[in-house]
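This structure is in structure tokens; I'll ask about it shortly.
The values are calculated or read from the model by the stated rules, or taken from the named source; none is laboratory data. Nothing here was measured: the structure is a model prediction, and the numbers come from that model. FYI the Cβ positions are ideal-geometry reconstructions off the backbone, even for glycines, and counts take in every protein chain you see.
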Amino acid sequence: MTDSPNPGPAIEFRNVGYRLDNGTTLLRDLNLEIQRGETLVLLGRSGSGKTTTLKLINRLHRQSTGAILVDGRSLEEWDVIRLRRMIGYVIQEVGLFPHFTVARNIGVVPQIEGWSSERIQHRVTELLERVGLEPQLASRYPRELSGGQRQRVGVARALAADPAFLLMDEPFGALDPITRSELQREFLALQQRLGKTVVFVTHDLREALRLGTRIALMESGQLVVTLTPDEFVHSTHPLVADYVDAFKTEISPQEGESDAPAE
Amino acid sequence: MNVLQFILQNHMEVIDLTTEHLWLVGASITLAVFIGIPLGVAITRWPVLSKPVLGGANIIQTVPSLALFGFLLPAPWIGARADRIAILALMLYALLPLIRNTYTGIRGVDPAVVEAGRGMGMTDRQLLWQVELPLALSVIVAGVRVATVLSIGLATIAAAIGAGGLGEFIFRGLAMVNNQVILAGAIPAAALAILADTSLGWLEKRLSPAKL
């Protein structure tokens with residue numbers, strides 16, 4: 001499923017709107033194309049609609065208007081279970097199954113996809129290594145892991161069935177700055193090897209600049225602008241400049257100290 | 001300690017009545033488990049039903065037990081045998097704790113875990129069997145525990161309609177104004193309740209997923 005013959009964008013939003021049953025509009029007129037193999041970052045403050053946008057892709061929410069296309073096919077044409085199994089999903093709260101060992105957590109999708117147990121075991125060992133965890137951790141329970149380890153397991157679980165897409169909702173948001181920086185670096189290395197189509201939600205500009213091939217800034221349920229990281233920092237768009245300024249003042253007092261040693 | 005003597009002297013009858021008592025409780029709790037847990041699951045899937053179902057089970061609980069036994073007497077097939085009436089009535093009483101605990105147990109599963117499962121492409125059935133029920137199991141067992149203890153106590157009243165059980169001694173003792181005979185029924189019943197409570201309590205603790 002990775003090498004789809006379809007040449008168009010991997011994911012496409014066409015005039016998408018999302019309204020709650022009580023009439024509140026969370027998203028309007030969203031038009032966005034996500035290319036194969038890119039990491040598109042949805043950046044914005046809380047309530048800007050970035051998580052909603054993400055959940056529309058794997059059908060945890062259903063858009064009220066417009067159309068969303070995955071691999072050139074409208075979401076309505078997809079079997080929702082099949083769709084979700086080819087989209088890895090990582091969330092901030094990780095959501096590991098507390099009653100499953102690390103190995104079983106990672107193997108969930110392969111297991112429900114009916115893989116043989118040897119194949120699952122092989123895959124689990126491979127993934128543990130890939131996300132920088134020791135193989136002995138396989139038999140542990142999530143409660144016995146640190147926050148960073150848990151999030152690594154979350155990433156491994158999302159990658160288990162080799163999905164073409166990865167949706168990540170503030171996956172590193174709850175981690176301390178050093179662990180976060182470490183995981184960001186590993187994410188970049190992993191992404192370089194795997195070349196997944198990634199949609200990444202964050203409110204952290206530095207994270208967006210570091211990980212994104214493009215950044216889509218959202219504000220009050222609307223897409224403001226989509227720019228490359230380089231264009232973003234130099235943009236004169238007032239909302240973009242505001243965002244950049246906010247981060248400049250936030251980090252200026254102890255700059256260098258708050259930032260983790262990278263690369 | 002004449003009670004002990006009385007029990008020893010009549011040990012065959014004590015054993016018989018205890019067995020009857022266990023049959024009434026066991027059958028009613030088994031039925032209640034097979035009806036109450038699916039109902040509890042159903043109202044997590046169709047939340048509109050949660051109010052009427054929980055409300056209905058609640059109302060049943062407010063009916064005095066002796067009256068409920070009486071109401072069921074004229075029922076066809078059920079009313080033909082006293083133990084059927086008793087089992088049905090005890091089952092109805094056991095429903096509320098089972099439905100409620102199944103419902104709250106499943107609703108209490110960490111939403112992030114459920115969302116992760118759904119987002120990964122688990123079907124509703126897979127989510128229920130692999131995630132929600134195992135994580136709610138200790139709460140559901142707590143419901144079974146409450147229902148069982150309640151039912152052991154209530155089953156003594158079943159003797160009033162001739163369904164047997166340890167209530168026989170209690171009613172006989174009341175009629176004879178003989179405390180020994182009353183206690184010969186009450187003590188084993190209390191012992192059963194304590195035994196059920198501790199063993200199911202132990203199970204509940206063992207099944208608790210979050211020993212965090």
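Run down A:128, A:133 and say which single residue is over 13 Å from the mean Cα position of the chain (by Cα) and assigned to a loop (DSSP other than H, G, I, E, B).
A:133
To keep it simple, each residue is scored yes or no on (1) among the aliphatic types (A, V, I, L, M); (2) in contact (Cβ under 8 Å) with a residue 24 or more places away in the chain.
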residue	(1), (2)
B:108	no, yes
B:111	no, no
B:118	no, no
B:129	no, no
B:137	yes, yes
B:140	yes, yes
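Moving on. Does the range A:162-207 hold any residues that are over 11 Å from the mean Cα position of the chain (by Cα) and either of a type in the set (D, E, K, R) or surrounded by 22 or more Cβ atoms within 10 Å (Cβ to Cβ) (or both), and which are they? Break it down stepwise before answering.
Here is the first cut: in the range A:162-207, the ones over 11 Å from the mean Cα position of the chain (by Cα) are A:162-164, A:173-186, A:188-195, A:203-207.
Listed by number, the residues that qualify are A:162, A:163, A:176, A:180, A:182, A:185, A:186, A:193, A:204, A:205, A:206, A:207.
Another question, then. For the range B:105-113, indicate whether the set of residues that are away from chain A (no Cβ under 14 Å), touching a Ser or Thr at 6+ places or on another chain (Cβ under 8 Å) and over 30 Å from residue A:82 (Cα atoms) is non-empty.
Within the range B:105-113, not a single residue is away from chain A (no Cβ under 14 Å), touching a Ser or Thr at 6+ places or on another chain (Cβ under 8 Å) and over 30 Å from residue A:82 (Cα atoms).
Yes or no, residue by residue, for (1) in contact (Cβ under 8 Å) with a residue 40 or more places away in the chain; (2) over 21 Å from residue B:155 (Cβ atoms):
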{"residue": "B:23", "(1), (2)": "yes, no"}
{"residue": "B:54", "(1), (2)": "yes, yes"}
{"residue": "B:64", "(1), (2)": "no, no"}
{"residue": "B:71", "(1), (2)": "no, no"}
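Identify, from the list B:133, B:95, the residue that is more than 22 Å from residue A:89 (Cα to Cα), more than 10 Å from chain A (Cβ to nearest Cβ) and buried (at least 22 other Cβ atoms within 10 Å of the Cβ).
Every option except B:95 fails the conditions.
Collect the residues in the range B:54-73 that are in a loop (DSSP other than H, G, I, E, B) and at pLDDT below 90, keeping them in residue-number order.
Within the range B:54-73, B:73 is the sole residue that qualifies.
OK, next. I'd like to verify a number: residues in the range B:168-199 that are surrounded by 16 or more Cβ atoms within 10 Å (Cβ to Cβ) and small (Gly, Ala, Ser), how many?
Within the range B:168-199, residues that are surrounded by 16 or more Cβ atoms within 10 Å (Cβ to Cβ) and small (Gly, Ala, Ser) number 7.
Next question, about the same structure. For the range A:21-106, give me every one of the helices (runs of 4 or more DSSP H) that falls completely inside it and has 1 or more residues that are crowded, with 18+ Cβ neighbours inside 10 Å and among the polar types (S, T, N, Q).
Numbers: elements: A:50-57, A:80-85, A:102-106.
So the answer is A:50-57, A:102-106.
Please work out which one of (1) in contact (Cβ under 8 Å) with a residue 60 or more places away in the chain; (2) surrounded by fewer than 20 Cβ atoms within 10 Å (Cβ to Cβ) is the condition residue A:137 fails and give its number.
(1)
Identify the single condition in (1) of a type outside the set (Ser, Thr, Tyr); (2) surrounded by fewer than 19 Cβ atoms within 10 Å (Cβ to Cβ); (3) within 14 Å of residue B:92 (Cβ to Cβ) that residue B:36 does not satisfy, given that it satisfies every other one.
Looking at each condition in turn, residue B:36 falls short on (2).
Each row is one residue, and each column tells you yes or no for (1) within 14 Å of chain B (Cβ to nearest Cβ); (2) basic (Lys, Arg).
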| position | (1), (2) |
| --- | --- |
| A:93 | yes, no |
| A:110 | yes, no |
| A:117 | no, no |
| A:128 | no, no |
| A:157 | yes, yes |
| A:201 | yes, no |
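Out of (1) under 24 Å from residue B:70 (Cα atoms); (2) within 18 Å of the chain's Cα centre (by Cα); (3) in contact (Cβ under 8 Å) with a residue 60 or more places away in the chain, the odd one out for residue B:168 is which?
Every listed condition holds for residue B:168 apart from (2).
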